[in-house]
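Report on the following structure.
What follows draws every value from the coordinates through simple rules; no lab data is involved. These numbers were taken from a predicted model, which means no experiment stands behind them. Note: ideal-geometry Cβ built from the backbone for every residue, glycine included; neighbour counts use all protein chains shown.
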Amino acid sequence: MSDYLLLTSLWLVPLIGAGVVLCVPKGSERLVKYVATGFTAAGLLLALVALAIYVGDDRANAPLAERAAAIRVVSWPASEAMGAGDVDGNLVIRRDWIPAFNIQYYLGLDGISVSLLVLTGLVSLLACLASWGIEKQVRGYYALFLLLVASMTGVFLALDLFLFYVFFEVMLLPMYFLIAVWGGEEREYAAIKFLLYTLFGSVFILVAILILYFWPGDAPAGGFQAGTFDVVALTTIASTTGYYGRWIQDWVFVLFLVGFLVKLPSFPFHTWLPDAHVQAPTPISMILAGVLLKVGGYGLIRLAWPLAPAGAFDWSYVVAALGVFSILYGALAAMAQTDFKKLVAYSSISHMGYVTLGMAAMNLAGGSGYYAYGVNGAMYMMLAHGVTSAAMFFLVGVIYDRAHTRDLDSLGGLNDAMPVYGAMSYVIFFGSMGLPGLCGFVAEIFVVLAAFHYSVTLGVLAAAAVVLTAGYILWTIQRVFLGRNETWKDLPDLTAREIVIAAPLVVLTVLMGVFPQPLVLRWMSPSVDRVVQGVAEGSARNAAGPMAESRDAGPPQVARAR
Amino acid sequence: MANDIPLSWFLYFAAAAFATGLVGVLLRRNAIAVLMAIEIMLNAANVNLVAFWRYGTPAPGAGPLPGVILALLVITVAAAEVAVGIGLILLCYRRWRAVDVDRYETMSG
Amino acid sequence: MPVNALPMDLRDFLRVAPAVLLSAWGLVVVAADLARYRRRDAESRRLAVGRLTLIGVGLALASAVALFGIDSLAQSDAPRLDRLLGESFASYFSRPDGLIFFGTLASGLPTDVLNVLFLTLLGLVVWTSTAYAFTDDLGEYFALLLWATVGMMLLAASEELATLFIALETMTICLYLASAFEKSKPRSAEAGLKYFIYGSVSSALFLYGLSFVYGLTGTTYFDAIGRVLGRGGHEGLAGNLVGGAALLLMLVGFGFKVAAVPFHMWAPDVYEGAPAPVSAWIATGSKVASFVVMLKVFLHALGPWSNPSNELMGPGWLGVVVVLAAATMTYGNLAALAQRNYKRMLAYSSIAHAGYILVGVAAASVSTAGPEAAGAVLYYLVVYAFANVGAFAVAAWLARDRDGDAIADLDGLARTSPALAVCIVVLMLSLIGVPPFAGFFGKLAIFMEALRQGPSGTRIVLAWLVALGLFNSVVSAFYYVRVLKAMYLREAPSVGGLQRAKSAIAVPIVVATVVVTACGIVPSPLMDLMRAIARPMLTATTLDATAVTDATPAAGATARPRPVAWTTPSRPE
């Protein structure tokens, strides 16, 4: 299959699905559900195909910059052959889109994006299955759902800053409606809060993009074209030239940071998340926690750090401290909740703190070894959290469907009534807690390790947070599953459909904990390491004076260490 | 020749007339008076145009009479404006039985 | 010395065929209404007169499209034009200056494109007007719409101040009357009178400023004014009292016409009071024409005064326009937040949009892309106009079924008319500026032109202006989303809700949606077209005008670059 077809259909298939769903005649709601599920499944299948090509083909897993450089930009629709200018099988395509401003239709995949793409495919398929209980305006729901999936996929595919921004913005609207129409009682408030927070955040991102495009107006040294939205070229410029001076990088970094921290979310931009989660219907909560938050993390790792490495270095301590604070704050806030869903929402904030911390723990002394641990950990945390949080929200939804309450104090003793549900929940909750052997542990250990080598204080605090996490998770398990409670003893256990939804996530939680290397890191961390390398070079080039106090010699890079 | 009266006199006169008109528009509340004030402003501009034409050197290729022609056009337009204005004022008068512009307030915000 | 160097050519009338056709058709409509349709019952009479008007608009549109075809052929394939039209006509149409009637009017591609735009919008507005009964004087009403459009077309084509003034007055006088046409509502009469007073005061201010420009330069032709001012000596605001007064007065005049803060007070009342189709025409056609001519006057004629000392707050109109733009978009958006009335909200939103467009006007004068930068403004205008025609068709719908125009009247529309509700969502999103709809690309193009400039003192200030504009678009989301909320999150009233929209309402909404979506997903063709026509539009030069500079060469004068008109610029790399 040609790259053009593959990469385009990745985001176009769900979009077509949205159109098809709208064309289904009224009254055939079952058909709508089948069609939507079919299209989502096709999306997952395509993502898996892309992953297989990426892992299996040497042309595809070469560094992104090399692959991008091999491509001639073709103005379209001038070329008769769709693939003209492409190098087939390297998973990068680019076409002119708005030539007046040098904006391109530029898609590409590397280890970072392909992993998140597969996560998107998986979570959206499961969320689609979880939506079978929706009865209100089914066609509209599924159309918006598929539109959301299409735009999220597009975000992970885009390599043109402008295209990225377009997909990023398109995500907002379906999400707004999905919360505002199908949500709980306070849905309007939650939806508008989500919309405005994210809109404000995206303005920051747009300003940063425009600065990168226009600064300082003439061509930089080294043969790069000025006025470009090309992420790959800008990354190379940032890491290999001093084109963007330190002052401007500080600004760009802060703008990107604020924009993506809103999405992530991190303290102090997190307040929309608990509201949105509590009000959103269960499948949308799954998408929100499982994929949408990752868009923020992806923006950090793909744009904020690589495009402004020196700025990132200048701000690293502040950001790392923010990450640690988010971890602690999220955990403490989770502990104080009595609403099951709100608890899970705050745990998301806490977990996303690890992503921030892992990115910001920029100990660059003696090479970028420990820093690579941190960023790998951050990426792994995104995947692990994508799996566990989607599962947690689903499990909360299951209990809410049956008991019609999310009040932790009135729940209890569910283990007796629903043993299968209990067993699955234990695995997921422990995975989220970071029990060794489950997926969360791998991520946390990487991040904490990097944090220790960056700043002992922050490292200790981050490690201490693990205790808090264990605290609220175990306490929740105790309150929900253990003990005896006559009220709930007749609740039915999971249905077959629910098991089908939860099982893959449970299995992944275990597999990702036991086989992190062959399953994910093998193909993901080379890309991550390249990002780290670029950031390290860029900040070394632009930063004045000693980079960091030399504590010890750096370890070998993660990819090579194994 | 025109040296008897300097150009600036005409301009000062026009400025004074224009200011009178502007003050009238801003201060008067009677719609008819406002209409008259607008006419004064238009005519002040006419004085300017004719004076500039009489004292200035026309740019080559611009033709000999642009200022006067412009003034004539303005007079025509002003007439049309008065007709429309009176029509609208009458319409409002029929509704409110008043020509006071402050009385017309069906909308706000 | 000859009275005028340019010969009058009767063939010039061919090139204003759309305007001529529309003027005559206005009379036809009035006569036909009086003679044939008056005795019919109200409903069928309205439809019949509307249909007759639409036929005229269609004829004019056809002539405009034909002219567009001829003019683009003259540019791209002259021999073919020779074969089609014969030698003499072909050479007439491929005359490089394209100015007609003694150089007072422009013709050629820019004019053709704008005429097509005006006539398409007019077609939609006329169609909307047949949606409901708001007046008995149908013939006069439609004739006024047609004649207002004649004013707009001539205004956008004018190359000379007297022509500009006449066209401007033609347009606005017709619109004053049309606003007062809703006989059953006192507020309509009030809107007409308010519009008249504010409009004619602004005309007087503009005319007074115009007289000074004439006095300073001795000419009324845009191009000649530009040449004279380009020689230096009249530094605008700081140069002398007269120049400064002229500049400020003209700015105030245009400020009123485009509803820029602080000259906006008429807009909300007029938009609310006038019948919905008239509001639509004031918000779109009149605004587009005013902005086009503002671009011409300020970039072409007064271009040398834009920023002579290369500092933003130095003498020149750039700084004033920047301040106006900032005030306009901020005030418009903040005031719109408080509105519960749909038409009033659209009025404030259109004030805010005027602010964004003023950013574009400022940007076009400093952008390193040259006159093409004004293409961003034109693109914005097109997109804005279509989105607003659609939005005001919704207002007509409300007026028809609810006899009101509160946003709350839209409650539950998503249930009763799901397809049109989706269209309205698209229109609102485009107005907010959410990708992938055209409004976003319009805003972006303007902002990017504002940032695309050489290193100078204006750079940082314009960057802040752009940042302000971006945050303003977020603020605007608040009130546009209110419309979406009403349609999707509220229940429709059990009785007296909106009925099914007939074609008069549905067609404008759907057409606007299609345009806004298509120009968003594939923005390049329209953007390129607009950039291509921006240069000839802003540099139209009379053939003998070189004599003006040659006759009086000022020592050390820096001649402004005089590109030949009619070149389609290739895309800048």
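So the values come out like this:
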{"read-out": "Sequence of C:His264, A:His404, C:His353 once ranked by neighbouring C-beta atoms within 10 Å, starting from the fewest", "value": "A:His404, C:His264, C:His353"}
{"read-out": "Low-density loop cleavage sites - chymotrypsin sites (Phe, Trp or Tyr not before Pro) in the stretch C:133-173, where at most 12 other Cβ are within 10 Å (DSSP)", "value": "none"}
{"read-out": "Whether the stretch A:3-544 is rounded, prolate or oblate, judged on the alpha carbon gyration tensor where a/c under 1.5 counts as rounded", "value": "oblate"}
{"read-out": "Vicinal HN-Hα couplings computed from phi for the stretch A:320-333 (Karplus, 6.51 cos²θ - 1.76 cosθ + 1.60; Hz; Gly/Pro x)", "value": "4, 4, 4, x, 4, 4, 4, 4, 5, 4, x, 5, 5, 5"}
{"read-out": "Exposure proxy order (Cβ contacts within 10 Å, fewest to most) of A:Cys23, B:Cys92", "value": "A:Cys23, B:Cys92"}
{"read-out": "Average partner coverage of B:48-55, which counts Cβ from other chains inside 10 Å", "value": "4"}
{"read-out": "Net charge, A:Leu199 excluded, C-beta distance under 13 Å - Lys, Arg +1, Asp, Glu -1", "value": "+1"}
{"read-out": "Net charge dipole size for chain C [Lys, Arg +1 and Asp, Glu -1 on Cβ; Debye, nearest 20]", "value": "1100"}
{"read-out": "Peptides A:14-20, C:422-428 ordered by average Cβ neighbours within 10 Å, highest first", "value": "C:422-428, A:14-20"}
{"read-out": "From phi via Karplus (6.51, -1.76, 1.60), per-residue ³J(HN,Hα) for the stretch A:385-398 in Hz, x at Gly/Pro", "value": "5, x, 6, 6, 5, 4, 5, 5, 5, 5, 5, 4, x, 4"}
{"read-out": "Shielding of C:417-430 by partner chains, average beta-carbon count, 10 Å", "value": "1"}
{"read-out": "Selection from B:Met36, B:Val82, B:Ala98, by position along the positive dipole direction of the stretch B:2-103 (Cβ)", "value": "B:Ala98"}
{"read-out": "Cβ neighbours within 10 Å from other chains - mean over B:80-88", "value": "6"}
{"read-out": "Violating pairs (Cα-Cα greater than 21 angstrom) within the set C:Lys183/C:Lys343; C:Lys194/C:Lys485; C:Lys343/C:Lys485; C:Lys257/C:Lys343", "value": "C:Lys194/C:Lys485"}
{"read-out": "Phi to ³J(HN,Hα) by Karplus 6.51 cos²θ - 1.76 cosθ + 1.60 over the stretch A:457-467, Hz, x for Gly, Pro", "value": "4, 5, x, 5, 4, 5, 5, 5, 4, 4, 5"}
{"read-out": "Peptides A:116-124, A:55-63, A:157-165 ordered by average Cβ neighbours within 10 Å, highest first", "value": "A:116-124, A:157-165, A:55-63"}
{"read-out": "Cα-centred dipole magnitude for the stretch C:146-231, charges only on beta-carbon of K, R (+1) and D, E (-1), debye, nearest 20", "value": "240"}
{"read-out": "Highest-first arrangement of B:41-47, A:185-191, where packing means the average Cβ count within 10 Å", "value": "B:41-47, A:185-191"}
{"read-out": "Long-range amide H partners of C:Asn341 with built H, under 5 Å", "value": "C:Ile407"}
{"read-out": "Surrounding net charge for A:Val252, when Lys and Arg each add one and Asp and Glu each subtract one, Cβ distance under 15 Å", "value": "0"}
{"read-out": "Within-14-Å neighbourhood charge of A:Met381 [Cβ basis; K, R +1; D, E -1]", "value": "0"}
{"read-out": "About the Cα centre, charge dipole magnitude for the stretch C:243-347 (Lys/Arg +1, Asp/Glu -1 at Cβ), debye", "value": "240"}
{"read-out": "Shape call, the protein assembly as shown: gyration tensor on alpha carbons, a/c limit 1.5", "value": "prolate"}
